[in-house]
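Since the structure comes first, as structure tokens, the remarks are kept for the end.
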Amino acid sequence: MAYKETWSGKISRKLVKKQRIIDVAAGRQKADLVLKNATYVNVFSGQLETEDIAVAEGLIVGLGEYAGLQEVDMTGKVVCPGFIDAHIHLESSLVSPAEFVRAVVPHGTTTVITDPHEITNVMGTDGIDYMLEATEGLPVDVQFMIPSCVPASPLDESGANLDYRDVDSFFDHPRVLGLAEMMNYPGVVAGDSSTVSKIVASQAHHKKIDGHAPGLSGKELNAYISAGVYSDHECADMENAMEKLRRGQFIMIREGTAAKNLEALMPLLRSSQLASRCMFCTDDKHPSDLLEKGHIDYICRQAVAMGADPIVTVQAACLHAARYFLLNNRGAIALGYLADFAVVEDLKDFHVVSVYKKGKLVYEKGQVVPFSPPPVSPYLAEKVHDTFHLPRLTAEDFANHRPRGVIGMVPGQILTQDMGYAAEVDVGQDILKMAVVERHKNTGHIGICYLKGYGLTAGAVATSVSHDSHNIICVGANDGDMAFACNQIVKNHGGIVVVKDGQVVSELPLEIAGVMSSQPLTAVNEALERAKDAAYGLGVSRDIDPFMTLSFMGLPVIPTLRLTTRGVVDVLTQQFI
């Protein structure tokens with residue numbers, strides 16, 4: 001009986017809301033908010049329309065002439081649907097979810113689809129739970145895709161090893177849209193049961209599966225798509241993008257910090273038919289980029305500057321992602337849709353002047369409307385700050401008693417090459433020692449090799465942002481500084497550190513799972529830039545990002561050689577050398 005009464009109460013409340021929506025739409029009641037004289041982008045007609053936009057109960061309920069309890073004149077501005085990032089790892093911003101939201105709201109972003117891949121590699125399903133709780137009710141809707149590859153490779157050691165049974169229950173969560181980038185495309189193509197079972201589980205819940213298959217082509221691509229992978233954000237050229245598009249995939253045009261594909265894929269946006277299968281994403285967006293360039297508004301600005309039609313650009317920035325992810329009440333300024341608006345000065349520079357989320361002002365005149373981060377359960381709040389489990393390290397732990405492989409960095413890329421073997425550090429020849437220290441389960445595993453192309457001449461650099469397993473990765477000119485740097489990372493519960501002669505030169509603590517900070521984005525960016533300067537001061541090549549570049553040296557899915565906690569991996573053969 002109690003259940004029926006509760007359900008009846010819900011129906012009654014929804015009925016009252018619906019009746020108010022109808023009354024406002026019919027002009028019998030005043031709207032909560034009316035954007036008067038609004039010139040807005042109609043993503044369905046492909047035109048600019050000018051009329052009042054009426055909002056009630058967080059929805060757009062009227063287009064025409066309306067009166068409201070609150071009225072805001074939009075003369076001289078352009079109202080766009082709130083922008084959507086189709087694929088991002090929030091952790092890449094190095095700040096908490098609430099701080100990330102504070103950073104992107106001023107850029108007109110009202111929805112992001114995140115893959116919590118980084119924190120899940122550290123904490124397993126607790127990481128997913130933490131991110132779900134930490135994003136609840138924020139002024140940007142954070143939707144989720146569940147990580148598909150934890151760890152990224154069976155040769156790696158992360159904080160968890162998840163199969164479909166571990167993640168299946170998450171697909172019932174209202175903010176979970178599907179399975180995140182299926183990086184293990186060789187496993188899909190080979191029909192590996194543990195890999196394909198995750199796709200089957202997602203499809204059983206009628207959810208999407210995103211792709212990650214750089215360069216995949218021919219019958220292998222056919223197998224990948226036939227398995228149920230609906231999109232790809234790893235298209236670096238038009239040939240690969242068109243092959244995937246012709247075979248039915250949606251193309252996520254990525255313009256982030258580490259990877260920038262917009263210019264190469266611009267022909268997609270010059271055809272309205274091709275553009276209808278495209279959406280924008282950033283994948284990874286670092287603090288300086290968010291502060292200096294922006295978010296999806298930056299991609300819009302760049303696309304129009306390269307010749308894209310402004311209306312088509314806005315469609316790619318909101319509508320197409322909404323349709324792909326079946327977010328059927330957003331991505332457009334239309335009746336019954338969420339009142340999510342990015343108000344810009346024009347469709348050239350896309351300078352955002354105000355932002356509304358469900359009809360509530362969340363940004364105006366350079367200020368984000370204050371909000372409080374959502375509460376996180378005590379268990380998760382404690383666990384997320386206790387993710388390092390390893391003993392104190394000494395110089396002897398990094399001692400080398402035999403020749404080791406040399407990983408050669410490729411200028412301007414995160415690809416590497418095999419540079420043979422070395423037996424000791426040779427700063428004059430730019431041969432440095434590199435180590436990856438397992439930090440999740442106290443296994444004691446430390447992989448050691450040499451690195452060429454980094455440029456360090458003294459001291460050591462270490463970080464716990466080490467894709468994808470986020471063990472501690474360290475490069476140094478001597479064993480003592482390497483041990484000191486790693487111990488300092490543990491002391492700070494994660495982060496980045498630059499040391500010399502047993503002293504900290506600069507550091508950035510990342511105390512949330514070793515990958516994020518609770519500090520404001522500006523403070524994190526300032527500390528990060530100071531750390532970069534310190535690394536450059538110790539000789540690191542100014543042609544690279546000292547930490548971003550290092551963070552990819554331990555990812556055993558990018559050719560040719562990578563270092564894991566168990567040693568150097570030949571990525572092409574997936575074997576240790």
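The values are calculated or read from the model by the stated rules, or taken from the named source; none is laboratory data. This is a predicted model, so every value here is computed, not measured. For neighbour counting, all protein chains shown are included, and Cβ atoms are generated from backbone atoms with ideal geometry for every residue, glycine included. Keep in mind that these areas ignore ligands, DNA and RNA; they rest on the heavy atoms of the full protein, side chains included. Shrake-Rupley method; radii C 1.70, N 1.55, O 1.52, S 1.80 Å.
Per DSSP H run of at least 4 residues, take -39500 (n - 2.57); add these up for the chain, divide by its residues and hand me the 222 nm value, nearest 500 deg cm²/dmol.
It lands at -8000 deg cm²/dmol.
Two decimals is fine: what is log10 I(q)/I(0) at q = 0.13, 0.14, 0.21, 0.23 Å⁻¹ for the range 362-411, from a Debye sum with one equal scatterer on every Cα and no solvent?
The calculated log intensity ratios at q = 0.13, 0.14, 0.21, 0.23 Å⁻¹ are -0.76, -0.78, -0.94, -0.99.
Taking only protein heavy atoms and a 1.4 Å probe, what accessible area per residue, in Å², does the chain have with all protein chains in place?
Accessible surface, normalised per residue, equals 39 Å².
Return the label of the correct value of P(r) over Cα pairs in 20 Å bins from 0, in percent, as calculated from the structure shown, out of (i) 17, 38, 27, 14, 3, 0; (ii) 21, 52, 24, 4, 0; (iii) 18, 52, 27, 2.
From the options (i) 17, 38, 27, 14, 3, 0; (ii) 21, 52, 24, 4, 0; (iii) 18, 52, 27, 2, the structure gives (ii).
Could you state, as a whole-number percent, how many of the C-alpha pairs of the range 200-240 are farther apart than 13 Å?
Values: 448 of 820 pairs.
Everything past 13 Å amounts to 55 percent.
Using Cα pairs closer than 8 Å and at least 6 residues apart in sequence, work out the relative contact order for the range 257-320, in percent.
Relative contact order, the range 257-320: 45 percent.
What percent antiparallel are the DSSP beta bridges of the chain, to the nearest 5?
Roughly 70 percent of the beta bridges in the chain run antiparallel, per DSSP.
Enter the angle in degrees (range 0 to 90, nearest 10) between the Cα long axis of helix 521-537 and the first principal axis of the Cα atoms of the chain, meaning the one along which they spread out most.
Relative to the chain, helix 521-537 is tipped by roughly 30 degrees.
Holding the Cα-Cα limit at 21 Å, pick out from K208/K285; K293/K348; K14/K207; K293/K358; K452/K491; K285/K365 the pairs that are longer than that.
K208/K285; K14/K207; K293/K358; K452/K491; K285/K365, as the Cα separations exceed 21 Å there.
With r as the distance between the Cβ atoms of S45 and T6 and R0 = 45 Å, compute the FRET efficiency 1/(1 + (r/R0)^6) and round to 0.05.
With a Förster radius of 45 Å, E is 0.60.
Provide the per-residue ³J(HN,Hα) series for the range 353-370, in order, calculated from phi with Karplus coefficients 6.51, -1.76, 1.60 and θ = phi - 60°, each as a whole number of Hz, with x at glycine and proline positions.
Listing the rounded values in order: 9, 7, 9, 10, 10, 6, x, 9, 5, 10, 7, 6, 6, x, 10, 7, 4, x Hz.
So what are the ³J(HN,Hα) numbers for the range 14-22, from phi and the Karplus equation (6.51, -1.76, 1.60; θ = phi - 60°), rounded to whole Hz, Gly and Pro as x?
5, 5, 4, 4, 5, 5, 5, 4, 5
Any idea what the dipole of the range 111-234 comes to, in debye rounded to 20, about its Cα centre with Lys/Arg Cβ at +1 and Asp/Glu Cβ at -1?
460 debye
So who's got an amide H within less than 5 Å of the one on D141, skipping anything under 5 residues away but keeping other chains? H placed 1.01 Å off N, in plane.
T111, V112
What FRET efficiency do you get for V410 and R28 if R0 is 56 Å and r is their Cβ-Cβ distance, rounded to the nearest 0.05? Display every interim value, and only then the final one.
Numbers: r = 67 Å, r/R0 = 1.19.
E(calc), rounded to 0.05, equals 0.25.
Just report the Cα centroid separation between the range 258-321 and the range 402-435, whole Å.
If you average the Cα positions of each part, the centres end up 37 Å apart.
Mind listing the long-range amide H neighbours of A339? Cut-off is under 5 Å, sequence gap 5 or more, other chains count too, H placed in the peptide plane at 1.01 Å from N.
Here L59, I60, K358, G359 satisfy the definition.
Would you mind calculating the relative contact order of the chain from Cα pairs under 8 angstrom and at least 6 residues apart, reporting the percent as a whole number?
14 percent
When only Cα pairs under 8 Å and 6 or more residues apart are kept, what is the percent relative contact order across the range 458-521?
30 percent
Please check which bits of the range 81-97 a label hung off T443 would reach, taking the label as a point 7 Å along Cα-to-C-beta and the cut-off as backbone N under 14 Å.
Under 14 Å, as judged by backbone N against the label point of T443, lies no residue of the range 81-97.
Would you mind putting 434-440, 449-455, 9-15 in packing order, based on average other-beta-carbon counts within 10 Å, highest first? Don't skip to the answer; put the middle values down first.
Details: 434-440: 26.0, 449-455: 23.3, 9-15: 10.0.
Ranked by mean Cβ neighbours within 10 Å, highest first: 434-440, 449-455, 9-15.
Along the range 565-573, what does the Karplus equation 6.51 cos²θ - 1.76 cosθ + 1.60 (θ = phi - 60°) give for ³J(HN,Hα), rounded to whole Hz, x for Gly and Pro?
After applying 6.51 cos²θ - 1.76 cosθ + 1.60, I find 5, 9, x, 7, 10, 7, 5, 5, 9 Hz.
What FRET efficiency, computed as 1/(1 + (r/R0)^6) with R0 = 35 Å and r the Cβ-Cβ distance, is obtained for L361 and A264, rounded to the nearest 0.05?
After rounding to 0.05, the efficiency reads 0.40.
Run the dipole for the range 499-550 about the Cα centre, Lys and Arg Cβ at +1, Asp and Glu Cβ at -1, nothing else charged, and hand back the magnitude in debye, nearest 20.
That gives the range 499-550 a dipole magnitude of about 60 debye.
So, by mean Cβ neighbours within 10 angstrom, what's the order for 221-228, 458-465 with the highest one leading? Provide the component values of the computation, followed by the final result.
Values: 221-228: 18.0, 458-465: 26.6.
Packing proxy ranking, top to bottom: 458-465, 221-228.
Out of the total accessible area of the chain (probe 1.4 Å, heavy atoms of protein only), what percent is carbon and sulfur? List each step's numbers first, then the result.
Numbers: 11300 of 22290 Å².
Answer for the chain: carbon and sulfur cover 51 percent of the accessible area.
On average, how much area does the Cα convex hull of the range 44-88 cover when viewed from any direction, in nm²?
Across all orientations, the range 44-88 yields a mean hull projection of 4.8 nm².
Which cross-chain or sequence-distant (5 or more) residues have an amide H under 5 Å from the amide H of V465, H modelled 1.01 Å from N in plane?
For V465, whose amide H was placed from the backbone, the distant partners under 5 Å are G495.
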